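Trainee: Mind having a look at this structure? Questions to follow.
The values are calculated or read from the model by the stated rules, or taken from the named source; none is laboratory data. Since the structure is predicted, the reported quantities are computational estimates derived from the model, not experimental observations. Glycine gets a Cβ as well: all are built from the backbone with ideal geometry, and neighbour counts include every protein chain shown. Each accessible area value is taken on the protein alone, full model and side chains, heavy atoms only, with ligands, DNA and RNA left out. Shrake-Rupley method; radii C 1.70, N 1.55, O 1.52, S 1.80 Å.
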Amino acid sequence: MIAATVALAYAWFVSQTALIVTGLQFVAPVAIVIGVHLLWCAGQGRLQPGFANRLYGKAAGTALFMAMILLFGAVFAPQPAFANGSEAGQLILMVLFCAGVIAAVMFAVGAAVYVVFKVIGWTIDGIRLVFFKDPNDGDDPPQSRLFDIGSLLVCGTVLFVGSLEGLPKSYAFATQGSATAGQTIDAKSDAVWQAMQTATSPDFTLPAALDLFPQPVAVSVDEGVALGANRVVDFAGREGAGALHLQVMQATDTAVVFEVLSDTTPYAQWIGYRALRYRVVPQGDVTQLSVSLDFERKLAPAWFFDPLMQKASHLAMDVLARDIKTRSERPL
């Protein structure tokens with residue numbers, strides 16, 4: 001409980017600064033959890049040989065406990081449509097959600113650290129047991145505090161390097177990404193273009209994974225898909241509300257491109273929307289539709305947030321494509 005509290009307090013402090021987008025927000029808390037457990041064990045005189053692996057196990061357990069916050073937040077926090085409550089309530093929900101995301105990353109890092117260094121420990125112990133076994137050691141492989149200290153130094157170095165991701169601009173992975181979803185529509189392209197003139201709420205069940213993120217709740221401006229047309233989509237989520245303002249910057253017989261003019265949604269601190277692209281290709285009595293999103297990842301570490309944002313963006317594009325398919329195929 002102490003380790004989790006200290007780690008979350010640190011992460012919350014970082015989230016109030018410009019460092020929120022760096023590895024200091026999500027990777028460094030793992031080092032804090034390990035450090036708190038190390039101090040606790042030292043204070044109780046429990047640093048017997050082999051304590052490093054025990055620390056990794058305790059850190060992974062703490063991270064798993066913290067990751068349960070994410071499940072709690074997803075199940076019990078109000079859904080996005082009801083997020084416009086009191087400021088205090090929104091603050092609590094925002095803290096809860098941020099803590100859940102931090103805990104999810106911490107669990108991934110903590111579990112990886114535990115497994116890697118456990119395997120290293122087994123390997124070293126195995127080598128010692130085979131080549132340097134002392135008959136007086138019995139069945140237990142030899143251990144030493146030197147191995148534990150070396151292991152912690154290597155672990156600390158890895159976490160330190162990971163925490164610096166995104167801090168110097170020279171140490172950052174590619175942030176540009178895109179996601180595309182497609183549908184084969186049993187309708188002429190004219191019907192597809194007609195359906196694309198308006199944005200509506202889908203009349204089918206959305207993927208459960210999208211419930212964790214802010215969702216569109218209204219379209220306050222909708223001028224179609226002609227060149228220069230504006231579309232303003234209002235979003236609400238556990239972290240607050242805002243609007244995404246798009247404008248058609250390119251329009252041809254087979255494609256239309258909305259570019260983002262402004263973004264005040266809760267998404268904006270995690271991911272930067274760049275452009276939304278629709279491509280309509282007639283093929284006889286059917287039409288091939290693809291919907292693409294160009295985005296910029298704003299959070300580190302890349303190994304965690306790249307796949308997460310890629311998958312979430314793909315699910316969102318699939319929802320848009322299926323909605324147009326449903327409305328295009330609906331009898332007039």
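Trainee: How far, in nm, would the chain grow between V161 and T17 when pulled straight, counting 0.36 nm per residue and subtracting the alpha carbon separation?
Mentor: Details: separation 144, 0.36 × 144 = 51.84 nm, distance 1.99 nm.
Answer, rounded to one decimal: 49.8 nm.
Trainee: Oh, and also: With each pseudo-label sitting 7 Å past Cα toward Cβ, what's the R54-Q310 distance in nm, one decimal?
Mentor: 4.1 nm
Trainee: Can you send over the solvent-accessible area of T205, 1.4 Å probe, protein chains only, in Å² to the nearest 10?
Mentor: Spelled out: T205, probe radius 1.4 Å, area about 120 Å².
Trainee: Could you tell me what fraction of 2.2 N^0.38 Å the Cα radius of gyration of the stretch 274-330 comes to, as a two-decimal ratio?
Mentor: Numbers: Rg = 14.4 Å, N = 57, 2.2 N^0.38 = 10.2 Å.
Against the empirical 2.2 N^0.38 Å value, I get 1.41 for the stretch 274-330.
Trainee: What are the lysines whose alpha-carbon lies under 21 Å from the alpha-carbon of K298, with same-chain residues fewer than 8 places away excluded?
Mentor: K169, K311
Trainee: Would you mind computing, in nm to one decimal, how far apart the modelled labels at Q250 and M1 are, each placed 7 Å from Cα along Cα→Cβ?
Mentor: 5.7 nm
Trainee: Starting from the Cα of K188, draw a straight line to each of the lysines and keep only those under 23 Å, dropping any in the same chain fewer than 8 residues away.
Mentor: Once the sequence-local lysines are set aside, what remains near K188 is K325.
Trainee: Let me ask you something else. Residue separation times 0.36 nm, minus the C-alpha to C-alpha distance between Q176 and T198: what's the value? Write out the running numbers ahead of the final one.
Mentor: Numbers: separation 22, 0.36 × 22 = 7.92 nm, distance 2.82 nm.
Answer, rounded to one decimal: 5.1 nm.
Trainee: On the accessible surface of the stretch 145-209, probed at 1.4 Å, how many percent belong to carbon and sulfur atoms? Intermediate values should be presented prior to the final figure.
Mentor: Values: 2480 of 3890 Å².
Within the stretch 145-209, the accessible surface is 64 percent carbon and sulfur.
Trainee: Quick one: pull the percent of accessible area on the stretch 1-58 belonging to carbon and sulfur, 1.4 Å probe, ligands and nucleic acids left out.
Mentor: Numbers: 1980 of 2710 Å².
For the stretch 1-58, the apolar C and S fraction of the accessible surface comes to 73 percent.
Trainee: So how far apart, in nm, are the two label points at D222 and V154 if each is 7 Å from Cα heading toward Cβ?
Mentor: The answer from the label model is 5.8 nm.
Trainee: If I stretch the segment between E296 and L261 completely, what's the gain in nm (0.36 nm per residue apart, minus their alpha carbon distance), one decimal?
Mentor: On the way: separation 35, 0.36 × 35 = 12.60 nm, distance 1.46 nm.
So the chain would gain 11.1 nm between E296 and L261.
Trainee: When only Cα pairs under 8 Å and 6 or more residues apart are kept, what is the percent relative contact order across the stretch 214-332? It would help to have the intermediate numbers written out before the result.
Mentor: Details: 217 pairs, mean separation 17.8, N = 119.
Contact order relative to length: 15 percent.
Trainee: Can you list, largest first and rounded to whole Å, the semi-axes you get for the stretch 183-324 by taking the square root of 5 times each eigenvalue of its Cα gyration tensor? Kindly include the intermediate steps, with their values, before the conclusion.
Mentor: Details: eigenvalues 129, 57, 44 Å².
Each semi-axis is the square root of five times an eigenvalue, giving 25, 17, 15 Å.
Trainee: Here is a follow-up. Check cross-link reach from K118 to the lysines: straight Cα distance under 25 Å, and skip same-chain residues fewer than eight apart.
Mentor: The qualifying lysines are K58, K133.
Trainee: Mind ordering 304-312, 166-174 by average Cβ neighbours within 10 Å, highest first? Let's see the in-between values first.
Mentor: Working: 304-312: 17.2, 166-174: 12.2.
Ranked from most to least packed, the peptides come out as 304-312, 166-174.
Trainee: Moving to a separate point now. Accessible surface of M317 in the full protein assembly, 1.4 angstrom probe, to the nearest 10 Å²?
Mentor: It works out to around 10 Å².
Trainee: As a test of reading the structure, rank V14, V221 by solvent-accessible area (1.4 Å probe, protein chains only), most first.
Mentor: Values: V14 5, V221 50 Å².
The ranking, largest first, comes out as V221, V14.
Trainee: Which residues in the stretch 45-67 have a backbone N closer than 20 Å to a point placed 7 Å from the Cα of A208 along the Cα-to-Cβ line?
Mentor: 67
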